[in-house]
Structures are given as C-alpha cells and as structure tokens.
Amino acid sequence: MLGTGKSFRTAHDADTVRGGMDLAVVRGEAQLRTGSVELVCAIERTSRGTRKSYTRNGAAVRYAGYLGNIRVVTFVPADLQLAAGTPPARRAFLNVALAQSEPRYYHELARYRRALTQKNAMLRGVVAPDPQLLHVYERTLVESGTEVILSRDHLVRALAQAARIAHGRFAECESLEVTYEPSIAFTAPTRDAVAAAFEARIHDVAESERARKATLCGPHRDDVGLALDGVSLSDYGSQGQQRTAVLALKIAEYAVLHERCGEAPLLLLDDVLSELDETRAAALLAEISGYEQAFLTATHLPINLGAGANVARVNAASIERYAC
C-alpha cells in the first residue's frame, strides 16, 4: 500500500478497511539515498463509495506523484500462476514494475485505457457513431500505446537476461527464455516503427472490430512468453518447472528495479514458502539473504531462515518480538 497505493490481495479498496470502521490509514517512513520520506495512504468508506488520499512528507499528492517514492517487489502465492495463468496476470506484472520505475508509464497507460474505453463504447453502440471522434480515440491509442509497447519491450529484454541467470542457479541443465509477445508486430523497437505498425494493424482489423464490437489490437492484448529450452512452460512445463521459472522471474524483477532506480526495492514475500517444496524454499531464502531489506510472512519459521533475521509474531492484531 505504501509503495504502490494498492493492495495485492484485492482490487476493491473498501475490502482493506477493518469491518465496522469507515477509515483506514497506512503510514510509513523510509530512508532513501535522497533522504527520508514519509508516506501516508488513507482509505475512507462513504455513502457515495470509497475515497483514497495520499500524502508525501505531509503534503497531499495525486496518485501519480505518490507512486514510485518507494519501490516494492511482491511475491505471493498467486504469482506462481504467472507461468501457466492468463495473459492479464502477466500484463499486470509488467505494469506494476514499469509504473514504479518509469514516471511517464502510468500516465501513458491511463491515457491509453481511457481512449480504449471510449472506443469500445462507440463500437458497442453505447455512444453514437462518429468517424471523426473515432479517429481521435485511435490516434490516442497509437500515441500512448506506442509508449507502453516500447516500455514493455525494453523491460522484458532486461528481465529475460536477469531471469536466465537466476534460473541457471536453480536448474543448471535448463535455459529459461522470457519473451515479449506484443499484439502489434513491429520491425524495430522505435517510436516510428511501432506507431506505423499500430496504425496499419488498426486499419486491417477495422471491419472485424465493428463486427465483434471490441478493440482487437493494442497493448491490452499483449502477453509475455515463458519457455524452457524453446518449449512453452504453460503448455508443457511441470508444476515444479513452472514454479522455478516464476522464482527466477521475481528475482529478475528485483534485480532490474534495483539497477534501473539505483536503489534496492523492498521485497515482500507473503506466505509464498508454503507453496514451494523444501529445495526451492531453501534456494529462495539463500538468494534473498543478501538483499537490503525483505519482509517475509509465514505460518511457521522456515528451517533455513538466516541468523540475522528479525522475527516477530502477529497475534490478535498485535506484533511482538519472537525469539528463534
């Protein structure tokens, strides 16, 4: 909540407010290279819905100004579906990493989504057909969509290299390949090439979009491919292979954010060890032992927990130090 302004457990802000209460506040202070920063995220339930507000060092800020002050990498049991799950989960993975590491990405993604919603409303007949207005929507989709595509392509290239190295430490005999699978096929990762390909694709699918009443091309249909030695993990990988690949992908996310931002992100591991076998759990703990700061939740103390770990027990909404 302090890093991204959102919960990884639910998309509904009201669900994060304690039952019987109207207001939830999360406050934290972080020491960064540039100095200390105090962040506050407040969620208020009202008769008209849920309202969220943000402050940075005591001053109110918009969400775009709040995002990325501190960067976090989360690893939760649901992430283990990144290899075999649906494309929206993998797109969300990219969006979270990019929104924290590239200040303009969130703006371009939000602008793209607004134009997409408006175009789809026109295609469905919710809004009266207007060729000129449709052209405006599609121009915005190309402009912002091109920026989204280029950012994703650059990120996945970096993730692929880091993930391959990390995976080699867990499974030396197999090679992990991470590839960007954009909805728009482009010849070169440049603005001109991507924009031209996007415009051509919009023209090609125009008739099909009118028939299906939906926008059929763009970053909202992107995916990320994961393969072992050229073989798709989602189609043919075992559960163990899929989980090892996701471990490598999350480690790569941490490494890439660290390199891009010049500062180590916080690592948040929420009960993920319970979903891993003993070998993979031990490998993950060994991997993160050198990280700057990590928070790990579990229902029991891991066997291979490092000696330098600070352990606390959460009981009945209170936190107490725990002696190992």
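The values are calculated or read from the model by the stated rules, or taken from the named source; none is laboratory data. None of these values were measured; they are calculated from a predicted model. Cβ atoms come from the backbone with ideal geometry, glycine included; neighbour counts cover every protein chain shown. What goes into the accessible areas is simple: the full protein's heavy atoms, side chains included, and nothing from ligands, DNA or RNA. Shrake-Rupley method; radii C 1.70, N 1.55, O 1.52, S 1.80 Å.
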For PHE295, work out the one condition from (1) open to solvent by less than 20 Å² (accessible area, probe 1.4 Å); (2) among the aromatic types (Phe, Trp, Tyr); (3) not in a helix (DSSP H, G or I) it doesn't fulfil. (1)
Has segment 133-141 got at least one residue that is open to solvent by 30 Å² or more (accessible area, probe 1.4 Å), out of contact with any Leu (no Cβ under 8 Å at 6 or more places or on another chain), closer than 23 Å to SER232 by Cβ and not β-branched (Val, Ile, Thr)? no
Set TYR254, TYR236: member being of a type outside the set (A, V, I, L, M), in contact (Cβ under 8 Å) with a residue 24 or more places away in the chain and either open to solvent by 20 Å² or more (accessible area, probe 1.4 Å) or closer than 30 Å to THR34 by Cβ (or both): TYR254
Only one of (1) touching a Ser or Thr at 6+ places or on another chain (Cβ under 7 Å); (2) within 30 Å of ALA264 (Cα to Cα) is not met by ALA14, so which one is it? (2)
Hey, any hits in segment 74-82 for a residue that's within 23 Å of PRO189 (Cα to Cα), of a type in the set (Ser, Thr, Tyr) and touching a residue at least 40 places away in the same chain (Cβ under 8 Å)? no
Qualifying residues in segment 64-105 (those that are hydroxyl-bearing (Ser, Thr, Tyr) and either under 13 Å from the mean Cα position of the chain (by Cα) or surrounded by fewer than 16 Cβ atoms within 10 Å (Cβ to Cβ) (or both)) - the one nearest to ALA264 (Cα to Cα): SER101
How about segment 161-190: which of its residues are open to solvent by less than 20 Å² (accessible area, probe 1.4 Å), at pLDDT below 95 and not in a loop (DSSP other than H, G, I, E, B)? ALA166, HIS167
Working carefully through the options ASP229, ASP277, ASP222, ASP271, find the one that is open to solvent by 40 Å² or more (accessible area, probe 1.4 Å), over 24 Å from VAL314 (Cβ atoms) and touching a residue at least 40 places away in the same chain (Cβ under 8 Å). ASP229
State which residue is farthest from the chain's Cα centre (by Cα) when the search covers only segment 206-219 and only residues that are surrounded by 15 or more Cβ atoms within 10 Å (Cβ to Cβ) and on the phi < 0 side of the Ramachandran plot. GLU209
Residues satisfying the stated conditions in segment 270-291, i.e. under 22 Å from SER238 (Cα atoms) and part of a helix (DSSP H, G or I): LEU273, SER274, GLU275, GLU278, THR279, ARG280, ALA281, ALA282, ALA283, LEU284
State yes or no: is ARG18 at pLDDT below 95, open to solvent by 50 Å² or more (accessible area, probe 1.4 Å) and touching a strand residue (DSSP E or B) at 6+ places or on another chain (Cβ under 7 Å)? yes
ALA158 open to solvent by less than 30 Å² (accessible area, probe 1.4 Å) and in contact (Cβ under 8 Å) with a residue 24 or more places away in the chain: no
